[in-house]
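S.K.: Please see the structure below; I have some questions.
Derivation of every value follows stated rules applied to the coordinates shown; laboratory data play no part. Since the structure is predicted, the reported quantities are computational estimates derived from the model, not experimental observations. Note that we place each Cβ from the backbone using ideal geometry, even for glycine, and neighbour counts take in every protein chain shown.
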Amino acid sequence: MAPEQTTAVLEAEGLTKHFPVRGAGRDVLRRGAAVHAVDDVALSLHRGRVTALVGESGSGKSTVARLLAQLQTRTGGAVRLHGKDVTVHGGRRFRAYCRSVQLIFQDPFASLNPVHTVRYHLTRALRVHGHAGRTARELEEALTDLLGRVRLTPAEQYLAKFPHELSGGQRQRVAIARALAARPEVLLADEPVSMLDVSIRLGVLNLLRDLKEQLSLAVLYITHDIASARYFADETLVMYAGRLVEGGESETVTQSPAHPYTRLLIDSAPDPERIGSAQRAELDEDDLGEPPSLVTPPAGCRFHPRCPHAMERCTTELPPRFEVSGKQWAACWLYDNGSPAPAGES
Amino acid sequence: MSDAVLELKDLSVDYGVGESAVHAVRNVDLTLHRGEVLGLAGESGSGKSTLAYGMTRLLAPPGVVAGGSVLYNAAGEEPVDVLRLTDAELRRFRWAQTAIVFQGAMNSLNPVHRIRTQLTDVIRAHEPDTRPAERLDRARELMSLVGIPEDRLESYPHQLSGGMRQRVMIGMALALRPQIVVMDEPTTALDVVMQRQILSRLVKLRERFDFAVLFITHDLSLLAEFSDRIAIMYGGRIVESSPSADLYRDPLHPYSRGLLGSFPALRGARRELTGIPGSPPDLRAMPAGCTFHPRCPLAFDPCARRRPPLAATSPARDVACWLHATPDTED
Ligand SMILES: Nc1ncnc2c1ncn2[C@@H]1O[C@H](COP(=O)(O)OP(=O)(O)OP(=O)(O)O)[C@@H](O)[C@H]1O
Ligand SMILES: Nc1ncnc2c1ncn2[C@@H]1O[C@H](COP(=O)(O)OP(=O)(O)OP(=O)(O)O)[C@@H](O)[C@H]1O
Ligand code: SF4
Ligand code: SF4
Ligand SMILES: [Mg+2]
Ligand SMILES: [Mg+2]
């Protein structure tokens, strides 16, 4: 969805991950059963652009990030950095890959080692990636520069601190600084702000946006907060039960969602007009349906058991991607032949 | 409004003692009514979790309750001060009457046991007379309540996503049909469909079983929709307490207004996000006067010198701010 863009920095095609499950209850599970966590995901990340990946809890977002970062082996599909296939494990090419593609985790409390200072964490990252310089002064400059980038200044004030002496937002910035120490081209941020409170959240998100501009980073921003995707991402992808179901320009996807699941997601967003128990009672949550089993995912469109527009073919045939407009696609039979949704607004 | 089930009076909680003590919760008066959902919101470090642990006596050292009382009114019984219960009485009280979902609880499931085992064990510990089949049924029911497919009962915690683990913890808290449910940031890792689903189920259950919920979060937008009343905390004190709709439409305290302005909105025109300038106060060196004054865009003459008391501006609304002080407000 980025026609004017140059080629992608990082691309995935047919990305698939099945986790085998063993020794489980006899009624549902049998030998060879697996959790279909990610199926046939295709995406591409571009320089200087933020791509948001939103979707249901358990839909496979973190797994996609871990597969892209090569922290887990994929069951199928390809990952390409600058058009070159990446299947290496260990060795120099693998290290080069890890340098280019950095992952930031959701939990700023768990991602830093509590017994080490900020100086230790950053120095170590600089050394590992060969950016520590040759002299003590060059190292000091590199450290100051890193903390400056994440706006923890003056640097001296933070270098000697231990993680527990920092607030959640400061910790997350240290984690970002550590990722930047590798001078990556791609930043995979897995829910970087969901543990942070609103006032800090905004600061970290603005920081990510500035970094993307200054350093021309390609950013994958994983979140369950679709409103923040509207504000901070150029492109938004929506995931449901292991598959991508919609994608396109963020403003378009959030303001006129095409896929019935995306519509459900948008309709469920907090609405100040529906305040207090009285009005709320009318909203029946049972209409929202249940997330499907990923061990025995529904055939055809995985959303069909919950979809208000489900048709005969939805229960058997998997919908491919259909263009909805130049700025948006959806994997839904409603858009077959490019015809607009007959059901209109939900 | 129904009657009070829990009344906090002048509750203060410190970390440590003497000179170096951190005054994390200061002179809090707060009432939880039967069957009510009370939201507690505020920035990180404002004392929300400390308040929850203090009132249930779950504080870990160096945390100490420095003063105040917590009155619990069981239906048809004499009120008891939770802070003065013996340890044996406390154990009974805690398990039968209150359930807590801790912040970050998703990391506290036992990694070596299946979800099924952990759920049925909790039920067995409290209702030893139940049969295994019955316990399994209850476990299934709880999982469906929090939207986890039944076939995941056999999973180990590491096989579940972050949000799924969080939902298991919510299910566990409800397993015992408590009178008071305290939830500390229970839905931070969940998408909105799931959040809405869990919250509205919680609301329905409380109508059925008549329990009260104290819901702690920094996500004011959802809180506004699902809670009856919201209390806003800043620097260890309650600075505003109002019915949700009033608070959302017309926040009185400048800090409440700042919190509401920090959310990206999904609907309507894109607007500039203001956030709250400055950083949270250092609890060891609290600003004099109104503790919010160094960050307050509306600070004026008395703010740096005198602390505004929490006072009623209407029967249902309390605020601690000189802008809303009435002539008879005392220092
Ligand atoms: N090691 C594993 N073994 C078995 N199943 C797993 C494993 N890791 C993840 N899964 C399953 O894969 C699915 C996708 O998980 P993932 O963590 O990617 O979801 P997510 O979209 O990041 O969810 P959340 O928003 O809750 O973090 C889930 O059903 C999860 O239970
Ligand atoms: N064990 C401790 N020792 C000293 N100070 C502590 C301790 N635990 C918490 N504090 C301090 O008490 C204050 C209140 O912490 P609390 O965890 O109650 O905040 P909170 O409002 O729940 O924040 P969050 O939204 O981040 O969970 C914070 O300033 C914190 O640094
Ligand atoms: S393909 Fe069918 S079931 Fe799936 S979202 Fe579209 S209409 Fe609904
Ligand atoms: S009392 Fe003064 S400083 Fe405090 S919130 Fe009100 S106007 Fe602002
Ligand atoms: Mg995840
Ligand atoms: Mg807390």
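S.K.: Using a 10 Å cut-off on Cβ to Cβ distances, tally the other chain neighbours for every residue of A:100-107 and report the average as a whole number.
M.R.: Counting Cβ atoms of other protein chains within 10 Å of each residue's Cβ and averaging gives 1.
S.K.: Taking 7 Å along the Cα-to-C-beta vector as the label spot, tell me the A:Asn337-B:Arg92 distance in nanometres, rounded to one decimal.
M.R.: Those two pseudo-labels are separated by 7.3 nm.
S.K.: Mind giving me the FRET efficiency for B:Leu205 and B:Ala285? R0 is 45 Å, r the Cβ-Cβ distance, nearest 0.05 is fine.
M.R.: 0.55
S.K.: Further question: Give the residue from B:Ala325, B:Ala41, B:Val82 lying farthest towards the positive end of the charge dipole for chain B; charges sit on Cβ (+1 for Lys and Arg, -1 for Asp and Glu) and the dipole is referred to the Cα centre.
M.R.: B:Ala41
S.K.: What does the charge add up to near A:Tyr158, with Lys and Arg as +1, Asp and Glu as -1, over the other residues with Cβ less than 15 Å from its Cβ?
M.R.: +3
S.K.: 222 nm [θ] for chain A, helices only, -39500 (n - 2.57) per DSSP H run of 4+, per residue, to 500?
M.R.: -8500 deg cm²/dmol
S.K.: Related question: To make sure I understand the rule: partners must be lysines, Cα under 18 Å from the Cα of B:Lys48, and not fewer than 8 residues away in the same chain. Which ones qualify?
M.R.: Straight-line reach from B:Lys48, under 18 Å: B:Lys9.
S.K.: Now for a different question. Assigning unit charges at the beta carbon (Lys, Arg +1; Asp, Glu -1) and nothing else, what dipole magnitude in debye, to the nearest 20, does chain B show about its Cα centre?
M.R.: Taking the Cα centre of chain B as origin, the dipole is about 820 debye.
S.K.: Another one. Check cross-link reach from A:Lys17 to the lysines: straight Cα distance under 16 Å, and skip same-chain residues fewer than eight apart.
M.R.: Hits, sequence-local ones excluded: A:Lys61.
S.K.: Can you give the local net charge around B:Gln166? Use residues other than it whose beta-carbon is closer than 14 angstrom to its beta-carbon, Lys and Arg +1, Asp and Glu -1.
M.R.: On the way: positive: B:Arg152, B:Arg165, B:Arg167; negative: A:Glu56, A:Asp107, A:Glu191, B:Asp184, B:Glu185, B:Asp191, B:Asp219.
Here the charged neighbours net out to -4.
S.K.: How high is the relative contact order of chain A, given as a whole-number percent (alpha carbon pairs under 8 Å, six or more residues apart)?
M.R.: Values: 601 pairs, mean separation 70.4, N = 346.
Computed over chain A, the figure is 20 percent.
S.K.: Tilt of helix B:87-97 relative to the longest C-alpha principal axis of chain B, in degrees (0 to 90, nearest 10)?
M.R.: Between helix and principal axis, roughly 80 degrees.
S.K.: Across the protein assembly as shown, what fraction of all alpha-carbon pairs, as a whole percent, falls in each successive 10 Å bin from zero upward?
M.R.: That works out to 3, 14, 24, 26, 20, 10, 2, 0, in percent per bin.
S.K.: Take the Cβ-Cβ distance between B:Ser144 and A:Thr315 as r, set R0 to 22 Å, and report the resulting FRET efficiency rounded to the nearest 0.05. Walk me through the numbers before you get to the answer.
M.R.: Numbers: r = 22 Å, r/R0 = 1.02.
Rounded to the nearest 0.05, the efficiency is 0.45.
S.K.: Grab the other residues whose beta carbon is less than 11 angstrom from that of A:Leu265, score K and R as +1, D and E as -1, and report the net.
M.R.: -3
S.K.: Under the definition of partner shielding as Cβ atoms of other protein chains within 10 Å of a residue Cβ, what is the mean value for peptide B:162-171?
M.R.: On the way: counts 10, 9, 3, 2, 1, 2, 0, 0, 0, 0.
If you average over the peptide's residues, the count of other-chain Cβ atoms is 3.
S.K.: What's the average, rounded to a whole number, of partner chain beta-carbon atoms within 10 Å of each residue's beta-carbon in A:55-63?
M.R.: Working: counts 2, 8, 17, 14, 3, 1, 4, 3, 1.
Shielding by partners across A:55-63 averages 6.
S.K.: Tilt of helix B:162-174 relative to the longest C-alpha principal axis of chain B, in degrees (0 to 90, nearest 10)?
M.R.: Tilt of helix B:162-174: around 80 degrees.
S.K.: Between the stretch B:8-52 and the stretch A:175-242, what is the C-alpha centre distance in whole Å?
M.R.: 33 Å
S.K.: Compute the length gained on full extension between A:Glu323 and A:Arg47: take 0.36 nm times their separation in residues and subtract their Cα-Cα distance, giving the result in nm to one decimal.
M.R.: 97.0 nm
S.K.: Could you order the peptides B:263-276, B:287-300, A:38-51 from most to least packed, using the average number of other C-beta atoms within 10 Å per residue?
M.R.: Values: B:263-276: 14.4, B:287-300: 17.7, A:38-51: 21.0.
Going from most to least packed, we get A:38-51, B:287-300, B:263-276.
S.K.: Roughly how many whole Å is it from the C-alpha centroid of the stretch B:63-100 to that of the stretch B:196-223?
M.R.: 22 Å
S.K.: Of the peptides A:153-163, B:70-80, A:59-69, how do they stack up when ordered by the mean number of other Cβ atoms within 10 Å, highest first? Walk me through the intermediate numbers first.
M.R.: On the way: A:153-163: 15.1, B:70-80: 13.1, A:59-69: 24.2.
Descending packing order for the listed peptides: A:59-69, A:153-163, B:70-80.
S.K.: In nm, give the distance between the simple-model label positions of B:Asp81 and B:Arg177, each being 7 Å from the Cα along the Cα-to-Cβ direction.
M.R.: With each label placed 7 Å out from Cα toward Cβ, I get 3.3 nm.
S.K.: Quote the FRET efficiency, to the nearest 0.05, computed for B:Ser314 versus B:Asp3 with a Förster distance R0 of 25 Å and r equal to the Cβ-Cβ distance.
M.R.: 0.75
S.K.: When only C-alpha pairs under 8 Å and at least 6 residues apart count, what is the relative contact order of chain B, in percent?
M.R.: Reported as a whole number, the value is 19 percent.
S.K.: Got a sec? Charge dipole of the stretch B:145-284, +1 on Cβ for Lys and Arg, -1 for Asp and Glu; which of B:Val168, B:Ile238, B:Val193 is way out at the positive end?
M.R.: Result: B:Val193.
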